[in-house]
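Each remark here refers to the structure printed beneath this line.
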Amino acid sequence: MTLLLMHPDHPGYEAARRVWNGMVDRRPRVIARCSSEADVVAAVRLARDLDLEIGVRCGGHNAAGFAVPEDGLMLDLGGLAGVRVDPERRRAWVGGGALLGALDIASQAHGLATTAGNVSHTGVGGLTLGGGMGWLARQHGLACDNVESYRVVTADGEVVVARRDEHPDLFWALRGGGGNFGVVTEFEFRLHPVGTRALAAEFTFDPSADVMRRWRDLSRLAPREATFDASFKNGDSLTLGFVWVGDPERGKLLLPAMADLGAARSSTVTELSYVELQTRDDSVQRHDVRRYSAGHYLPELTDAAIDAFLAVDGDLRPNVGLQAYGGAIADVPDEDAAFSFRGTEFEYGAGMSWTDPAEDADRMAAARRTAARLARTPRACTSTRWPTRARRACAGRTRRRSWRG
């Protein structure tokens, strides 16, 4: 066993407690850096003995910083970061502390991939346990829809394997229910033969509800290889486009319709590898920046929602964005997994990033105000459903919260 325990006087403690969102400044009583499943078992049992809250760190990307419990035990899975791929069976076994980039690189060596998020230094565990949206989701479902099995250390310090026919309630809950059901030390993913190429198209317009409505209507007709996305930055730059994973020549067939949306200020069409696609936002989403965001799942991008998306209020203007759902995401019945919102048409987010702590209150208020404006439109979806089955899966397994980020 190689469990490393760091207390506040340990020379590596300050760096170890830092996570992606620079606003998170909590101090665990102890940080347990694990390199094996046995280490995880020992850390969970230590937390029970000391009656400490547990937070689980994978990549540390959770914006709320759930991985860092104040005066609790922070369980760092960075030492369980291995990825093993079987290209014949199209399976990947991924350690609970692995980052998305490691999964992408290992699977793309064989022209395979599974749904993962859009920033390579995000943790596989935190993303997957929350559902897991990415550029492949419309083709192959969310990240959680592609998990065959989970190895889990329960709150009792026992190790179980959860799959559809073994511990089925726990398997159901881990598919989008978050990290409150135990510590996942290994995920088994299905992989898909997606090739290695992608296409990204971006058309920038003057703000126009009419143009955006035509873009929305085009999205509803798009093949599953295309994920439409939009951003409205600084209240004056509207970018509409799509990402295509697969043969770029097929993706280019959508370009004439994009050009017909209206008179664009500029347009960019980029052919790139899938790995390049997955890393292109890494620097924008770098660590050590203060961040806040608010968002919604929209069952329908209505005309009223588009008007609210383009509205400008005040001097502080959050960047707002949309990413299309549908396709294979909606193929999965709501009752099949803890992740709800299968009928989502677009996911909406309003976010801000900054460096000066003195700006915290104003920046957060601006993001909330912007998101609330859209929530007031008809057909806005803002609440999470927790059916009885989730409570049943949790019963007896989680006697203290175990957050993952």
message: Condition first: surrounded by fewer than 14 Cβ atoms within 10 Å (Cβ to Cβ), assigned by TED's automatic domain parsing to the domain that holds GLU225 and either of a type outside the set (Ser, Thr, Tyr) or in contact (Cβ under 8 Å) with a residue 40 or more places away in the chain (or both). Can you find one or more residues in region 315-328 that meet it?
response: yes
task: Would you mind stating whether ARG17 is over 19 Å from VAL152 (Cα atoms), under 22 Å from the mean Cα position of the chain (by Cα) and basic (Lys, Arg)?
output: yes
message: Looking at the structure I just gave you, is PRO11 surrounded by 19 or more Cβ atoms within 10 Å (Cβ to Cβ), part of a loop (DSSP other than H, G, I, E, B) and at negative phi?
response: no
query: Does GLN278 satisfy being in contact with a Ser or Thr (Cβ under 6 Å, 6 or more places away or on another chain) and touching a residue at least 40 places away in the same chain (Cβ under 8 Å)?
result: yes
message: Looking at ALA143 and the list (1) in contact with a strand residue (DSSP E or B) (Cβ under 7 Å, 6 or more places away or on another chain); (2) crowded, with 24+ Cβ neighbours inside 10 Å, which single condition is not satisfied?
response: (1)
- prompt: Only one residue in GLU249, GLU271 is surrounded by 13 or more Cβ atoms within 10 Å (Cβ to Cβ), under 27 Å from PRO193 (Cβ atoms) and not basic (Lys, Arg), so which one is that?
  reply: GLU271
message: Checking the condition surrounded by fewer than 24 Cβ atoms within 10 Å (Cβ to Cβ) and in contact (Cβ under 8 Å) with a residue 12 or more places away in the chain, which residue from GLY123, GLY182, GLY132, GLY178 passes?
response: GLY178
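The values are calculated or read from the model by the stated rules, or taken from the named source; none is laboratory data. Quick caveat, the model's predicted, so the values are computed rather than measured. In this analysis, Cβ positions are derived from the backbone assuming ideal geometry, glycine residues included, and neighbour counts consider all displayed protein chains.
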